[in-house]
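Contents: one structure, followed by commentary.
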Amino acid sequence: MSLNRDQIAMRVAQELEDGYYVNLGIGIPTLVANYVPNDIEVMLQSENGLLGIGPYPTEDQVDADMINAGKETVTAALGASIFSSAESFAMIRGGHVNLTVLGAFEVDQNGNIASYMIPGKLVKGMGGAMDLVAGADNIIVTMTHADKRDNSKLLENCSLPLTGVGCVKRIVTDLAVLEVKDGAFHLLERAPGVSVEEIQQKTAGKLVVPEHVPEMSFDA
Amino acid sequence: MSLNRDQIAMRVAQELEDGYYVNLGIGIPTLVANYVPNDIEVMLQSENGLLGIGPYPTEDQVDADMINAGKETVTAALGASIFSSAESFAMIRGGHVNLTVLGAFEVDQNGNIASYMIPGKLVKGMGGAMDLVAGADNIIVTMTHADKRDNSKLLENCSLPLTGVGCVKRIVTDLAVLEVKDGAFHLLERAPGVSVEEIQQKTAGKLVVPEHVPEMSFDA
Amino acid sequence: MSGFNKVVSNYQEAMAGLTDDMTIIAGGFGLCGIPEGLITEIKRLGVKGLTIVSNNCGTDNFGLGMLLEDKQIKKMVSSYVGENAEFERQYLSGELEVDLTPQGTLAEKMRAGGAGIPAFYTATGFGTPVAEGKEVRQFNGRNYILEESVTGDFAIVKAWKADKIGNLVYRDTAMNFNPMAATAGKITVVEVEEIVEVGELDPNQIHTPGIYVNRIIKGSFEKRIEKITLAKN
Amino acid sequence: MSGFNKVVSNYQEAMAGLTDDMTIIAGGFGLCGIPEGLITEIKRLGVKGLTIVSNNCGTDNFGLGMLLEDKQIKKMVSSYVGENAEFERQYLSGELEVDLTPQGTLAEKMRAGGAGIPAFYTATGFGTPVAEGKEVRQFNGRNYILEESVTGDFAIVKAWKADKIGNLVYRDTAMNFNPMAATAGKITVVEVEEIVEVGELDPNQIHTPGIYVNRIIKGSFEKRIEKITLAKN
């Protein structure tokens, strides 16, 4: 069975390490915060100028001056710091954030990512995504493996305007965990009950499949 | 009579305007703070990170954490702000300081200034002077017109390593006030009792002398 | 400190001198930390042909979005067009010129503009449409593109508190782009929630020193929230 | 927050990993705001061939000047050599390599290093010996030179207070170069006067967010003053 959004987030959360500073993009990445393992702590960075995102506010706590990069109302966690956008991206561009998790329209076997526009159809803008993918050493892309018409999103070459080049190292989809290196997608894990064949079928780019592909484990 | 150090500072103080942010270099420029006219207010910037230099401290107020760019103990004036060196020079480089007053070894008729080293003899370093002369629209150089051996310091071309090029607009010496423009020193005022001839004699660079050269006025 | 008292008493005075075809640098992230009254005054003035440098362009009927209605804006320099249908429409139809700029590059362009740095290199955008027409250079084996700084005829800024000589303090994430915008205007106008006496702000805790500020006005703010998201019980 | 507790209990631990020929970025302006105990530990370690990026090199017998005595420093990147006779002597004799760097350029090089900006243009130093060998480029008709950023294997920083996860607050002009230095080290070590619990510092008033900090140690400081200057009665 393919993973749902929360299960993708749960699998991504397994990549977290104690003491990590992490930037979570909008959508599935935001859900990762709900699945941080109990025995570790991470601090979440929001590129609008907050290090240490806390829980969503109660009705009494709602404050227009306290939002995250998705423009949702949030609170500050214990130990948070607040700073300007220039400082926030100094942090990001300077490689101080340990892990960035973000969504994408497409990725390709060279680690390129397209996530900010579909020419003639959809223009949202890149926001902070271009800085995040250029600045982070460690990038995980979350997305469905294929679109609604079963067109693969893991390509030989991205067809859409790029957000960044050669930057994606790891991908967690509803079907698999893959590593991007040496010009290919390397299959690391498959979703429980998903066959290697289905993954092969839905991966348009070059896919390297090892002899044994373990199923993801969701033991807490 | 040539001016003494305090008189040079008094004359420079006449250039101040109400609401000016001013950076005063070490030496004679520092004395300018003592002669700010009563009817105006200025804020003094210290490039180590203080906007709003207050008076020197009393013995009780001395604090190792509160110094000026000359490493003297100071206090903060009412309305002061304190910031990093990067912010301080953002202010300076960005042209936000209205007036910079600094000393020099030499200036020349093209507005070049040499103030930070005498090769083989004296190496102090430029400190913030290069940033100050590159960043300020309005620069006044204070110095004696000639050195102890009567060699002019107002030259056709500076002989020492430059601190900045084409930046000096105005010079106040012990003998005269001069403007630098169009490749020449223009004599604006002479010190009380100092002859135009003496100024001509002690100015090695091209000097333009108008028909009438008024004496400086020190009326408060 | 008469020469340093920057408080003005009305919005006309606050935005005096703004004319057609000028460039305005604006603080704010979405609708958070925006100078609401200054924007309303720009709408009232009816100036046209504006270039606005701001991360977003408000929403359809609030913030800078209000200036899109009357076609006052010729060009936006922004990182994000989403959540504003009129912005997206004018962009796609070609009525509005948009220089889509990565958020961190935008913040740094403002900072550099205020700091007298005409250009800097960044890896952000290399190999993407953002890099088109820009110089590429390698440092330590990595590719970077050259980005030029921005400055404005005006900067419009929202702060929490100002003292009368323009020292500013921001509150929470309403800080965002405001500190950089404050440095990048020939004339910097700040709208605040509270004006305090000189000396009330701790010199060590001032976010924007008064040297960058030309005019201060006390505003009243609606502070509209784009997405109220609450904790689950 | 076990993974975020950065407090170390002794100076050996604070400077562990420092070896010969490394580059150290150091905060401080003259003797103001210098990490006294960390410098003493570097002297004790006896590492040689260091490149130190710091506005000054202390005085003859205090601060970084102590490392000159034992010839631990191969190269200084500084704006000011004055007030340190041994520094000037080693420079003039050629024993010590000195990259004289304008103060504002030095501050910006550190900031850029921490911020992932490999190089920037500045008018500072154009037409002077500082510009030798550097690219000159015009922007808007003015000449600028290209300056590259700096980073260090270590950064040594002095702050007033830190919480246990490395959020820092500086005090008065002891801030100076420390915030930029803090961002520019692969390993950033901070010596503070006081360590407080997480949550005690106001998130809006933190000068350096903890993300930049790797190790924190509580020091005791002599805080020597170079020029005690008093008000005239």
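Taking 1 over the mean of 1/r across every pair of different Cα atoms in the range C:90-227, what Kirkwood radius in Å do you get? If you can, show how the numbers build up before the last one.
On the way: mean 1/r = 0.0594 Å⁻¹.
Final number for the Kirkwood radius of the range C:90-227 is 16.8 Å.
DSSP loop (so not H, G, I, E, B), at most 16 other Cβ within 10 Å: list which trypsin sites (Lys or Arg not before Pro) in the range D:17-121 pass both filters.
D:48, D:71
Can you report the principal axis dimensions of the range A:58-176 using only the alpha carbons, biggest first, rounded to whole angstrom?
46, 32, 30
Can you give the Kirkwood hydrodynamic radius for the range C:1-146, in Å, rounded to one decimal and based on Cα pairs?
Working: mean 1/r = 0.0597 Å⁻¹.
It works out to 16.8 Å.
For the range A:1-132, would you read off the P(r) tail past 24 Å as a percentage of all alpha carbon pairs?
Numbers: 2730 of 8646 pairs.
I get 32 percent for the Cα pairs in the range A:1-132 exceeding 24 Å.
Under a 5 Å amide H to amide H cut-off, with H placed in plane at 1.01 Å, what residues pair with residue C:223 once short-range neighbours are removed?
none
Per DSSP helix of 4 or more residues, -39500 (n - 2.57); summed, then divided by the residues of chain A. What does that give at 222 nm, rounded to the nearest 500? Before the final figure, lay out each step's value.
On the way: 5 runs with 35 residues, N = 220.
Result for chain A, helices only: -4000 deg cm²/dmol.
Considering only DSSP states other than H, G, I, E and B, which GluC sites (Glu not before Pro) in the range C:55-112 qualify as loop sites with at most 15 other Cβ atoms within 10 Å?
Values: sites: C:69, C:83, C:86, C:88, C:95, C:97, C:108; in loops: C:83, C:95.
Within the range C:55-112, the qualifying GluC sites (Glu not before Pro) (loop, at most 15 other Cβ atoms within 10 Å) are C:95.
Just from the alpha-carbon atoms, what are the Rg and Dmax of the range D:130-183 in angstroms?
17.1, 49
Work through the residues other than residue B:173 whose Cβ is under 15 Å from its Cβ and net out their charges, Lys, Arg +1 and Asp, Glu -1.
Numbers: positive: B:5, B:11, B:148, B:153, B:169, B:170, B:190, B:202; negative: B:6, B:15, B:106, B:108, B:147, B:150, B:174, B:179, B:189, B:198, B:215.
It works out to a net charge of -3.
Name the long-range amide H neighbours of residue B:138: under 5 Å, sequence gap of 5 or more, or other chain; modelled H, no Pro or chain starts.
Under 5 Å from the amide H of residue B:138 lie the amide H atoms of B:100, each far enough along the sequence or on another chain.
Each label point is 7 Å from the Cα along the Cα-to-Cβ direction; what then is the distance between the points at residue C:134 and residue B:219, in nm?
5.9
Once you have a ≥ b ≥ c as the square roots of the Cα gyration tensor eigenvalues for the range B:107-167, tell me rounded if a/c is under 1.5, and otherwise prolate or oblate according to whether a/b is larger than b/c. Don't skip to the end; give the middle numbers.
On the way: a/c = 1.81, a/b = 1.20, b/c = 1.51.
Oblate is the answer for the range B:107-167, as a/c is 1.5 or above yet b/c matches or exceeds a/b.
What's the ranking of D:145-154, B:129-138, D:220-229 by average number of surrounding C-beta atoms within 10 Å, highest first?
B:129-138, D:145-154, D:220-229
So, counting K/R as plus one and D/E as minus one, what does the shell of residues with Cβ under 12 Å around residue B:79 add up to?
Numbers: positive: C:6, C:164; negative: B:41, C:163, C:197, C:200, C:202.
Surrounding charge for residue B:79 is -3.
What list of ³J(HN,Hα) values in whole Hz, one per residue of the range C:126-136 in order, does the Karplus curve 6.51 cos²θ - 1.76 cosθ + 1.60 (θ = phi - 60°) give from phi, with Gly and Pro shown as x?
Once rounded to whole Hz, the list reads 4, x, 10, x, 4, 7, 4, x, 9, 5, 10.
Report, as an integer, the average count of C-beta atoms from other chains found within 10 Å of each Cβ along D:204-215.
On the way: counts 14, 7, 6, 6, 4, 15, 7, 11, 5, 0, 0, 0.
Going residue by residue through D:204-215 and averaging, the value is 6.
Measuring nothing but label to label, 7 Å from Cα along Cα→Cβ, what are residue A:179's distances to the other copies in nm, shortest first?
For residue A:179, the inter-copy label distances come out at 7.2 nm.
Any idea what the residue D:45 label distances to the other copies are, label 7 Å down the Cα→Cβ vector, nm, shortest first?
Nearest to farthest, the other copies are at 5.6 nm.
What residue among D:167, D:143, D:204 shows peak mean-square fluctuation when chain D is described by a Gaussian network model with Cα springs under 10 Å?
D:204
Among the aspartates and glutamates, which have Cα under 17 Å from the Cα of residue D:74 when same-chain residues fewer than 8 positions away are ignored?
Candidates past the 8-residue exclusion: D:20, D:21, D:60, D:86, D:88, D:95, D:97, D:99, D:153.
Please report Rg over Rh for the protein assembly as shown, where both radii come from the alpha carbon positions and Rh follows the Kirkwood definition.
0.99
What is the Å³ per residue value for the convex hull set by the Cα atoms of the range B:30-95?
In the range B:30-95, the Cα hull volume divided by residue count equals 104 Å³.
Can you spot the aspartates and glutamates whose alpha carbon is less than 17 Å from residue D:218's alpha carbon? Ignore those fewer than 8 places along the same chain.
D:13, D:36, D:41, D:163, D:191, D:193, D:194, D:197, D:200
Give the separation of the Cα centroids, the range B:1-64 to the range D:66-93, in Å.
With the range B:1-64 and the range D:66-93 each reduced to a Cα centre, they are spaced 31 Å.
Pairs C:75/C:158; C:109/C:161; B:121/B:153; C:161/D:164; D:164/D:186: which exceed 27 Å Cα-Cα?
Working: C:75/C:158 22 Å; C:109/C:161 25 Å; B:121/B:153 18 Å; C:161/D:164 30 Å; D:164/D:186 19 Å.
Pairs exceeding 27 Å: C:161/D:164.
With an 8 Å Cα cut-off and a minimum separation of 6 or more residues, compute the relative contact order for chain C in percent. Numbers along the way, then the final one.
Details: 536 pairs, mean separation 55.7, N = 233.
Reported relative contact order: 24 percent.
Under the Karplus relation 6.51 cos²θ - 1.76 cosθ + 1.60, θ = phi - 60°, what is the ordered set of whole-Hz ³J(HN,Hα) values for the range B:149-159, x standing for Gly and Pro?
These are the phi-based 3J(HN,Hα) values: 9, 6, 6, 5, 9, 9, 10, 5, 9, 4, 9 Hz.
Residue D:94 label points, 7 Å along Cα→Cβ, one per copy: pairwise distances from this copy to the rest in nm, shortest first?
Computed spacing set for this position: 6.8 nm.
Taking every pair of Cα atoms in the range D:51-102, average 1/r, invert it to obtain the Kirkwood radius, and report Rg/Rh to two decimals. Write out the running numbers ahead of the final one.
Details: Rg = 9.2 Å, Rh = 10.4 Å.
Over the Cα atoms of the range D:51-102, Rg/Rh equals 0.89.
From the C-alpha coordinates alone, can you work out the Kirkwood hydrodynamic radius of chain B, in Å?
After inverting the mean inverse Cα-Cα distance, the result is 17.8 Å.
Per residue of D:155-167, how many C-beta atoms from partner chains lie within 10 Å of its own C-beta, taken as a mean? It would help to have the intermediate numbers written out before the result.
On the way: counts 0, 0, 0, 1, 0, 2, 0, 0, 3, 1, 9, 2, 5.
Mean partner shielding for this stretch: 2.
Under 22 Å between alpha carbons, and skipping anything fewer than 8 positions from residue D:232 in its own chain: which lysines qualify?
B:71
What residues qualify as long-range amide H neighbours of residue C:198, i.e. H under 5 Å apart, gap of 5 or more or another chain, H built at 1.01 Å from N?
C:164
Out of the GluC sites (Glu not before Pro) in the range A:167-216, which ones are loop residues according to DSSP with at most 16 other C-beta atoms within 10 Å? Don't skip to the end; give the middle numbers.
Numbers: sites: A:179, A:189, A:197, A:198, A:211, A:215; in loops: A:211.
Counting only loop positions with at most 16 other Cβ atoms within 10 Å, the GluC sites (Glu not before Pro) in the range A:167-216 are A:211.
What's the longest piece of chain A with no exposed trypsin sites (Lys or Arg not before Pro), counting a site as exposed if DSSP puts it in a loop and it has at most 12 other beta carbons within 10 Å? Let's see the in-between values first.
Working: sites that count: A:121, A:148, A:149.
Between exposed loop sites, the widest span is A:1-120.
Computed from the coordinates by the stated procedures, all read-outs in this text should not be read as laboratory data. Since the structure is predicted, the reported quantities are computational estimates derived from the model, not experimental observations. Every residue, glycine as well, gets a Cβ built from its backbone with ideal geometry; the counts of neighbours run over all protein chains shown.
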